[in-house]
Structures are given as C-alpha cells and as structure tokens.
Amino acid sequence: MNFTSDPVLRKIALEAAQQVTTDTGRIHQDELLEALCERLAPREELLGLVIKKAGQAMMRDLGERHSPRRHRTTNGMYHPKSIMKLGNGIWVWMKDSTATDMTEWGRISSRNFVRTATAEAHKQEYVSSRSDAYRENPHCKRLSTLEESVFGYRQDPLDGFPDTDNL
C-alpha cells in the first residue's frame, strides 16, 4: 500500500536530514527524528497531515506485525490474529479468509517475491560492479567520485528529486 507524502512534509524531512548529516555523509536516525520533531512541533497548521502520517505508519506497523509467518510449533502459517493483505487496500483477518482470499494472497505474494528477487539481483550486481571499481580505482574514496569518473554519471536536470526543488 503506497501513500503519497505531502510536499511540505517531504521538504521538512529533507531539510532535517541535511541538518543532521555528518561530514562523512552519515545520518543517525535518532538525531533525524529529533530534528523532525523540532521542526514539526511549532507548525500547528501541519497537525492534520502529521496525524495522517502517524496513522499510516501505525497501519503499516499493524500489517507488518500481523503478517502471516511460519510458526515453529505448528509448522503452519495460520494464526487467527494474522492479517492477509489482498491488494487494492483490502486486508482480511486470516481466520475470516476465504478460498478466493487465499488464492489472491498467494498470487500477490508470488508477484512481490519476483519483484523483490529481481530488485535484489540488480542491487547485488550494482554493489559488485562498484566494489570492483573501488579496488581498481583506489583514488576514489566516495561513491560520487567513482560514479562520475569511472561510470560517467552526469545529473540530468530533469532527473532530480521533486522534494529538492528550492533547497
């Protein structure tokens, strides 16, 4: 289930991330969360958006915590308090699922596995090629230098992140 963030909240998050970024490019999540809270607290006009975001996060957490998983004792996946995600914003308690729900859940699970496996294969191929390039180009200490000098990266002005405008 995907939600689109409000551009104002995205901008606040990006600014907070830039504020807490160390000189080595690291972002510590505790510091980022604190910076976000400091920026949001005085902005009463954003309360509705922030509450919606909190609700979405709580919903995702519920779905993840109640996602069916293999149980050691029964060697099965069934638990009455598990929630099956059926797509199109529909969830069903596992205890109430039907044969049609089971088929849909299995289809979605397979599709998600293929997408995840494909994305992971691309990521591992990328990591391998960049790791090799780091070894072959010891003068490159950061990825930006490696991408620009070895792989010819040039930022396309139309390929920017939409939340970085005016920063």
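The values are calculated or read from the model by the stated rules, or taken from the named source; none is laboratory data. Just so you know, these numbers come straight off a predicted model, no measurement behind them. Counting neighbours? That spans all protein chains shown, and the Cβs are built from the backbone with ideal geometry, glycine included. Quick note on the areas: whole protein, heavy atoms, side chains included, nothing else; ligands and nucleic acids left out. Shrake-Rupley method; radii C 1.70, N 1.55, O 1.52, S 1.80 Å.
Under 5 Å between amide hydrogens, built in the peptide plane, is the criterion, and for residue 91 it picks out 86 among residues at least 5 positions away or on other chains. Rounded to the nearest 0.05, the FRET efficiency derived from the C-beta distance between residue 126 and residue 62 at R0 = 45 Å is 0.85. The stretch between residue 47 and residue 102 holds 15.9 nm of extra length on full extension. This uses 0.36 nm per residue minus the Cα-Cα distance. Tell me, rounded to the nearest percent, the portion of alpha carbon pairs in the stretch 1-76 spaced more than 21 Å apart. Result for the distance tail: 46 percent. Residue by residue, the stretch 20-33 carries 3J(HN,Hα) couplings of 8, 5, 6, 5, 9, x, 8, 10, 8, 4, 4, 5, 5, 4 Hz when phi is fed to the Karplus relation 6.51 cos²θ - 1.76 cosθ + 1.60 (θ = phi - 60°); x denotes Gly or Pro. Solvent exposure of the stretch 37-167 amounts to 79 Å² per residue of accessible area, where only protein heavy atoms count and the probe is 1.4 Å.
Between the beta carbons of residue 155 and residue 111, assuming R0 = 41 Å, the FRET efficiency works out to 0.80 to the nearest 0.05.
Counting protein heavy atoms only, the chain has 55 percent of its accessible area on carbon and sulfur, 1.4 angstrom probe.
Oblate is the label for the chain. Its Cα gyration tensor axes, ordered a ≥ b ≥ c, give a/c of at least 1.5 and b/c at or above a/b.
If the viscosity is 1.002 mPa s and the temperature 20 °C, what translational diffusion coefficient in µm²/s does Stokes-Einstein give for the stretch 85-167 when Rh comes from Kirkwood over Cα pairs?
So the translational diffusion coefficient is about 126 µm²/s.
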